[in-house]
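Student: First, the structure itself, so that you have it in front of you.
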There are 2 protein chains.
Amino acid sequence: MAHLNEHYLKLKAGYLFPEIARRVRQFSEENPGLGKSLVRCGIGDVTEPLPPAVIEAMHRAVDELAHRETFRGYGPEQGYEFLRHVIAESDYRQRGISITDDEIFVSDGSKCDCGNILDIFGDQNRIAVVDPVYPVYVDTNVMAGHTGPADLSGAYEGLVYLPCTKENGFVPELPSEPVDLVYLCFPNNPTGAVATREQLQGWVNYALSAGSIILYDAAYEAYISDREIPHSIYEIPGALDCAIEFRSFSKNGGFTGVRCGFTVLPKSLLALTSGGEKRSLHPLWNRRFSTKFNGVSYPVQRGAEAIYSEKGQDQVRHLIHDYLDNAEILAESLCSSGLDVFGGRNAPYIWVAVPPGYNSWQVFDKMLQDIHVVITPGVGFGAQGEGYFRVSAFNSRENVREVGRRFKEVNW
Amino acid sequence: MAHLNEHYLKLKAGYLFPEIARRVRQFSEENPGLGKSLVRCGIGDVTEPLPPAVIEAMHRAVDELAHRETFRGYGPEQGYEFLRHVIAESDYRQRGISITDDEIFVSDGSKCDCGNILDIFGDQNRIAVVDPVYPVYVDTNVMAGHTGPADLSGAYEGLVYLPCTKENGFVPELPSEPVDLVYLCFPNNPTGAVATREQLQGWVNYALSAGSIILYDAAYEAYISDREIPHSIYEIPGALDCAIEFRSFSKNGGFTGVRCGFTVLPKSLLALTSGGEKRSLHPLWNRRFSTKFNGVSYPVQRGAEAIYSEKGQDQVRHLIHDYLDNAEILAESLCSSGLDVFGGRNAPYIWVAVPPGYNSWQVFDKMLQDIHVVITPGVGFGAQGEGYFRVSAFNSRENVREVGRRFKEVNW
């Protein structure tokens, strides 16, 4: 008889965001008059329309599909050359980073890539994640059988957790035990922290000496406003030999519902066979794309390409500027309520210490009930997230101003 | 140091279609004057533009994303309710099959689903595939570590191969050894064969008695013109307890470049834990979608919805009618050249026995060199495919007529 993948049964109930959705739904049903007074600053979803350059490009692409002469069926699984080229050129080569077009793999989003990347690694690797952490890194490792069960704090046996605390500025210290794969995400979700060039160089040096691979999630790089902070791990010497980078159009172009992102996997990246031979990972990832994926929707790829046009770049800059201004308004409001506030300067997320006497789900429930604002409880991101909550700056200015007012009304 | 997934190293060089592309590219480079004389009947890619109803719906959806009031970000990972509902209603409930909306999982294509489904199964399952077979079923099992190495014929150790031959009408007999998962695909790619109600009932009875699960690929169901042939495995009593069905909009709506399909996973489907407990697979597949996927592009889902509108249905019927007429023209031409021809009546593929003295790659090369027509060598689909080649009916009428003429010119 068929057997199921038992590793799934180790997963804690409810991925964070479905659980938030459940509580919000329940509260809304119990309070039918709530209507528009509910404001969501929970899930990190953009709220502003797509840039006009993207809209135009997508319309044009849809029209191409309406005529036999310009119709396109299956595209290259790894993405059209027009998009791989403009990404490699604009995000990397123009910044002095030597990445070739075919080291760019266009996908339907970073969340998928972060999970799928495990396919090309062996099961014997020791995996390190930061804590708090984007739950997808952890859950996909659980599903792949790389962990034992979770303990009471929610930590899975077999994973190496690297605490990100107020004391280390939410940038983890190097692991004290050897690890083979390590997930880093800067600007960070959920803490909004960034890593300096020196901190990243420390990680690259560690990875090079240990032969580890850094899985670098740079989905929020567009929010970096500080000139000294690297946008890509490949700005760090040596990183081409030890890092895979994940990027997304979700948070710059507003593609959360359109779905496009990419992975950068340099050909110089090697990993071991069990016989001790070093092999390039690039052909494996390429093969995964050929065999388990069929490319991103053509109009979506044309939309992503338009982000790199002059108009597109200008429109994206405005969008991001607006979201960062939102972050400033929210951070000020929280600060002036006497709370301890982090992030929000180079990231669309604000990370806030809960007031004494509360845990993070209690703050979630109180915010929902008292001021009808949805935030994200820190513990949803890991044990070290307890004692914090995340506020997302993805919202209209009107809503942000309203939430700013309401934060000050909370009676702690 | 990081280890790679060594199972990838067992894969035979080149997934079939990239290898075809390589040979065609090489031939084109060596014959620069070739130009438009080259006609591709190889990869099963549609050639006709999207139905107007789909184009309209996609434009409308793109426009929604251009305004804050109608903008949509992250959608439900499993698909929007509007699409899940119309699928469950039109493809199943209206045909008397009891499938609920939340048993439909909308994805970016059947190829992805066929590979990803393995995530929710244990590694101890015995896997059966037909031979010849769509290579994705085999390769994804190799990548997941479910096989040993390949032998000289290309067959992987550990997989159970079920021969589909002229003698059994290209519908496999039940396995003589117990298997836990079995891939079936009707109308078949590559043979174009269909299974009768009685044959499918035999498979369902087998699966129910053995506790196996049938992975039923129905990507080509829209091509069934014979009224007696089931469109869905769920037309067979008992199948809701033993089958997962994969469907695609690639070959009805022409979505090969737009990317959308769906999986049907009934809640009644159970599989074993190692402790011998039976559990529903539905929550596992649901969890996989929540954790490793972020939903299909919104405009694409609206396009897929439009396929089910009255206009959309009418337009799709015309498209399929045209492709089936193409199949008839090609089959007649091949027949009149004295070749043994199968399929093409309820499927867009024609399966042709190679003339004596040739193997299937030799026929591929000869067709390419002598008449500039790209076909697919049968052996690319498995050892039993040797001795055959596949001709795809996805082409313009003009090209099909031309290819029909050229087939008759080949000097065997």
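The values are calculated or read from the model by the stated rules, or taken from the named source; none is laboratory data. The structure presented is a predicted model; accordingly, all values stated were derived computationally and were not measured. Because the Cβ atoms are built from the backbone with ideal geometry, glycine has one as well, and the counts that use them run over all protein chains shown. Calculation scope for accessible area: heavy atoms of the full protein, side chains included, ligands and nucleic acids excluded. Shrake-Rupley method; radii C 1.70, N 1.55, O 1.52, S 1.80 Å.
Student: Is there a residue in the range A:336-350 that is hydrophobic (A, V, I, L, M, F, W, C), without any contact (Cβ under 8 Å) to a residue 24 or more places away in the chain, farther than 30 Å from B:Ser248 by Cα and in contact with a Leu (Cβ under 9 Å, 6 or more places away or on another chain)?
Tutor: Taking the range A:336-350 first, the residues hydrophobic (A, V, I, L, M, F, W, C) are A:339, A:341-342, A:347, A:350.
Checking the rest, the ones that are also without any contact (Cβ under 8 Å) to a residue 24 or more places away in the chain come to A:339, A:341.
Now narrow it down to the ones that are farther than 30 Å from B:Ser248 by Cα: A:339, A:341.
Among the residues that remain, those that are also in contact with a Leu (Cβ under 9 Å, 6 or more places away or on another chain) are: A:341.
Scanning the range A:336-350 turns up at least one residue that is hydrophobic (A, V, I, L, M, F, W, C), without any contact (Cβ under 8 Å) to a residue 24 or more places away in the chain, farther than 30 Å from B:Ser248 by Cα and in contact with a Leu (Cβ under 9 Å, 6 or more places away or on another chain).
A quick yes/no check of all residues on (1) in a strand (DSSP E or B); (2) in contact with a Ser or Thr (Cβ under 6 Å, 6 or more places away or on another chain):
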site	(1), (2)
A:Asp322	no, no
A:Ala331	no, no
A:Ile350	yes, no
A:Gly357	no, no
A:Val379	no, yes
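Student: Pick from A:Val130, A:Val138, A:Val142: which is away from every other protein chain (no Cβ under 11 Å), modelled with pLDDT of 95 or more and more than 22 Å from A:Lys311 (Cα to Cα)?
Tutor: The unique qualifying residue is A:Val130.
Student: Inside the range A:299-341, can you point out the residues that are within 14 Å of chain B (Cβ to nearest Cβ) and of a type in the set (Asp, Glu)?
Tutor: A:Asp322
Student: A further question on this structure: Is it the case, given these coordinates, that B:Phe394 is open to solvent by 20 Å² or more (accessible area, probe 1.4 Å), modelled with pLDDT of 95 or more and hydrophobic (A, V, I, L, M, F, W, C)? Give the steps one after another, and end with the answer.
Tutor: Numbers: open to solvent by 20 Å² or more (accessible area, probe 1.4 Å): no; modelled with pLDDT of 95 or more: yes; hydrophobic (A, V, I, L, M, F, W, C): yes.
In short, no.
Student: Tell me yes or no: at least one residue of the range A:107-122 is in a loop (DSSP other than H, G, I, E, B) and farther than 30 Å from B:Arg22 by Cβ.
Tutor: No; the residues of the range A:107-122 include none that is in a loop (DSSP other than H, G, I, E, B) and farther than 30 Å from B:Arg22 by Cβ.
Student: Please specify each residue of the range A:224-240 satisfying the condition of being crowded, with 24+ Cβ neighbours inside 10 Å and touching a residue at least 60 places away in the same chain (Cβ under 8 Å).
Tutor: A:Tyr234
Student: Looking at A:Ser90, A:Ser98, which one is at negative phi, more than 9 Å from chain B (Cβ to nearest Cβ), of a type in the set (Gly, Ala, Ser) and open to solvent by 60 Å² or more (accessible area, probe 1.4 Å)? Show your work before the answer.
Tutor: Working: A:Ser90 fails: open to solvent by 60 Å² or more (accessible area, probe 1.4 Å).
Unique residue meeting the criteria: A:Ser98.
Student: Out of all the residues in the range A:35-50, which are surrounded by 14 or more Cβ atoms within 10 Å (Cβ to Cβ) and more than 13 Å from A:Arg302 (Cβ to Cβ)?
Tutor: A:Leu38, A:Val39, A:Arg40, A:Cys41, A:Gly42, A:Ile43, A:Gly44, A:Asp45, A:Val46, A:Thr47, A:Glu48, A:Pro49
Student: Confirm whether A:Val296 is facing chain B (nearest Cβ under 10 Å), touching a helix residue (DSSP H, G or I) at 6+ places or on another chain (Cβ under 9 Å) and buried (at least 20 other Cβ atoms within 10 Å of the Cβ).
Tutor: yes
Student: Just the residues that are away from chain B (no Cβ under 14 Å), without any contact (Cβ under 8 Å) to a residue 40 or more places away in the chain and either β-branched (Val, Ile, Thr) or in a helix (DSSP H, G or I) (or both), please, taken from the range A:12-51.
Tutor: A:Gln26, A:Ser28, A:Glu29, A:Glu30, A:Gly35
Student: While we're looking at this one, here's another question. Restricting to the range B:244-293, what's the tally of residues that are more than 8 Å from every other protein chain (Cβ to nearest Cβ) and at positive phi?
Tutor: Counting residues in the range B:244-293 that are more than 8 Å from every other protein chain (Cβ to nearest Cβ) and at positive phi gives 1.
Student: OK, next. Can you tell me which residues in the range A:115-137 are within 16 Å of B:Asp119 (Cβ to Cβ), touching a residue at least 24 places away in the same chain (Cβ under 8 Å) and not polar (S, T, N, Q)?
Tutor: Answer for the range A:115-137, where residues must be within 16 Å of B:Asp119 (Cβ to Cβ), touching a residue at least 24 places away in the same chain (Cβ under 8 Å) and not polar (S, T, N, Q): A:Gly115, A:Ile117, A:Leu118, A:Asp119, A:Ile120, A:Phe121, A:Val136.
Student: Next question, about the same structure. Output the residue which, of all residues in the range A:176-185 that are more than 14 Å from chain B (Cβ to nearest Cβ) and open to solvent by 10 Å² or more (accessible area, probe 1.4 Å), is modelled with the lowest pLDDT.
Tutor: A:Glu177
Student: Just wondering, is there one or more residues in the range B:241-256 that are surrounded by fewer than 23 Cβ atoms within 10 Å (Cβ to Cβ), of a type in the set (Gly, Ala, Ser) and either modelled with pLDDT of 95 or more or in contact with a helix residue (DSSP H, G or I) (Cβ under 7 Å, 6 or more places away or on another chain) (or both)?
Tutor: No, that holds for no residue.
Student: Which of the residues that make up the range A:266-317 are of a type in the set (Val, Ile, Thr) and in contact (Cβ under 8 Å) with a residue 24 or more places away in the chain?
Tutor: Correct list: A:Val296, A:Val300, A:Ile307, A:Val316.
Student: Does A:Arg60 satisfy the condition of being open to solvent by 60 Å² or more (accessible area, probe 1.4 Å), touching an Asp or Glu at 6+ places or on another chain (Cβ under 9 Å) and within 27 Å of A:Val316 (Cβ to Cβ)?
Tutor: The answer is no for A:Arg60.
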